[in-house]
Amino acid sequence: MLIEFTASNFRSVHEPQTWSMVAAPALKEWEEHNTFQALGLSKGGRLLRAAALYGPNAAGKSTLVQALAFVKNQVVNSARESQQGDLIPVVPFKLTAASRAADSEFSVQFIEAGVRYEYGLRCNTFRFTEEWLYAYPAGRPQKWFHRLFNPDSQTDAYDFSDKFLGGRQRHVWATETRANTLFLSRCMQSNNEQLKPVFEWFSQRLQVVATPGALSGGFTAQRCEDEAGRAKVVEFLTSADLSIDGIRLERRAFSPDMLPSSVGDVIRQELLNNYKGKEFTTLKFQRRDTNTGETVEFDESEESDGTRALFAFAGPWMDVMNHSLVLVVDELDSSLHPLVVRHLVSLLLHANSQAQLLFTTHDTTLLSQKLLRRDQVWFIEKNEAREARLYPLSDFSPRENEAIERGYLNGRYGGIPNLQELDFYGS
């Protein structure tokens with residue numbers, strides 16, 4: 001479970017900004033469904049099941065999602081995919097000379113297998129300059145490792161506590177960790193059992209959809225391979241009022257007539273070589289004829305953007321709820337009706353699991369439908385220095401029955417675009 005995430009000097013974020021999933025102790029509304037007790041937190045502490053982030057375009061909403069995606073990718077892939085000298089794909093805040101020359105920094109607090117962890121890193125495009133990991137078994141802090149770059153010697157210094165196992169092997173791993181590789185990632189190349197829960201939280205528990213509409217239907221289609229899985233997907237879709245009675249997977253061997261006529265000869269030949277002998281699966285959505293009751297099939301291309309988007313979400317959404325994953329989505333409302341978005345969020349809030357959802361959205365109807373608590377709503381806006389500033393609705397101490405949507409659209413909480421008139425006809 002995610003406790004909080006902090007990023008600084010990354011894209012539109014300059015000063016540290018923290019997105020927290022810790023429930024406000026003073027708020028008791030909808031506690032049963034919207035929060036849960038997490039083993040590993042202080043006594044009585046609860047975590048939120050969902051958090052929504054609002055703000056105008058270019059305010060920094062996507063930046064926070066991209067920051068989490070960056071950390072996940074570096075933990076999972078930096079040791080196995082990067083080569084010596086490869087640049088780290090990090091972009092600092094560019095609107096001051098100091099920030100352009102400074103490192104970006106990220107830290108994540110989370111719980112895995114009942115133990116709370118804090119993992120953090122600092123980096124620039126050339127190297128990781130700091131990395132640390134603390135564990136809190138039984139609530140007591142243990143520093144497992146701390147890596148710090150020394151610019152004078154151009155080397156990394158490692159500080160290992162006796163709580164971090166491995167003996168001399170720890171120093172071998174440190175020596176083999178390249179400048180553009182995370183130590184955590186390198187240790188997992190040697191299947192470090194002690195660090196496995198931390199690595200698996202990033203690689204398996206944390207799921208980030210950083211590009212709106214990036215989800216394909218492939219994962220959901222895999223759920224449709226057997227009859228029970230198809231029934232679950234159809235149930236999920238019909239619960240959102242999609243008129244779908246069934247799904248069929250059609251497998252076809254590759255043939256040249258699948259290629260569009262506009263493809264050039266060179267590319268056509270390359271595709272023919274690559275796909276020769278391979279099998280493709282296509283989706284067929286089934287509906288009943290309203291008069292005869294016979295089954296009529298529709299190709300995926302005949303379905304609306306909303307149907308395809310919801311189908312793409314179906315498999316991952318059920319996976320998140322069934323396995324208590326942490327799902328982070330940029331622009332959840334992309335191609336989806338507001339009531340469908342509300343339905344998806346409600347499903348997760350009422351799931352019998354410890355799944356969490358963090359999402360950005362422009363759908364203000366969620367603010368007025370008794371769905372989210374006041375500590376589950378966040379805003380982001382840019383200050384006069386064009387730095388993204390993140391803050392929760394609870395900072396304004398709104399009343400329990402306050403008209404949040406109307407207040408937000410009227411500018412009471414900030415986080416809205418500052419629109420100006422244009423003189424199209426000249427003066």
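From the list 133, 206, 182, 148, the one residue that fits, being touching a Ser or Thr at 6+ places or on another chain (Cβ under 6 Å) and at pLDDT 95 or above, is 182.
Considering the stretch 370-414, the residues that are closer than 20 Å to residue 51 by Cβ and small (Gly, Ala, Ser) include one that is surrounded by the most Cβ atoms within 10 Å (Cβ to Cβ), namely 388. With respect to the conditions (1) surrounded by 20 or more Cβ atoms within 10 Å (Cβ to Cβ); (2) farther than 20 Å from residue 115 by Cα; (3) touching a Leu at 6+ places or on another chain (Cβ under 9 Å), residue 1 falls short on a single one, namely (2).
Would you confirm, using the coordinates I've provided, whether residue 65 is closer than 25 Å to residue 414 by Cβ and β-branched (Val, Ile, Thr)? So residue 65 passes the test.
With respect to residue 70, is the statement that it is in the same structural domain as residue 372 (by TED's automatic domain parsing), under 27 Å from residue 344 (Cβ atoms) and either part of a loop (DSSP other than H, G, I, E, B) or in contact (Cβ under 8 Å) with a residue 24 or more places away in the chain (or both) true? In short, yes. Among the residues making up the stretch 113-130, those that are at pLDDT 95 or above, of a type outside the set (D, E, K, R) and surrounded by fewer than 17 Cβ atoms within 10 Å (Cβ to Cβ) are 125, 126. Among the residues making up the stretch 297-317, those that are over 25 Å from residue 3 (Cβ atoms), surrounded by 13 or more Cβ atoms within 10 Å (Cβ to Cβ) and not acidic (Asp, Glu) are 298, 306, 307, 308, 309, 310, 311, 312, 313, 314, 315. Taking the conditions exactly as written (in contact with a Lys or Arg (Cβ under 8 Å, 6 or more places away or on another chain), more than 28 Å from residue 111 (Cβ to Cβ) and not in a helix (DSSP H, G or I)), does residue 402 satisfy them or not? So residue 402 does not fit the description; no. For the stretch 222-255, the candidate set comprises residues that are farther than 30 Å from residue 61 by Cα and small (Gly, Ala, Ser); within that set, the residue that is farthest from the chain's Cα centre (by Cα) is 255.
Let's see how each residue does on (1) surrounded by fewer than 21 Cβ atoms within 10 Å (Cβ to Cβ); (2) over 20 Å from residue 146 (Cα atoms):
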position: 168; (1), (2): yes, no
position: 171; (1), (2): yes, no
position: 185; (1), (2): no, no
position: 203; (1), (2): yes, yes
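The values are calculated or read from the model by the stated rules, or taken from the named source; none is laboratory data. Bear in mind that the values here come from a model prediction, so they are computed numbers and not experimental data. Positions of Cβ are generated from backbone atoms using ideal geometry, with glycine treated the same way; all protein chains shown enter the neighbour counts.
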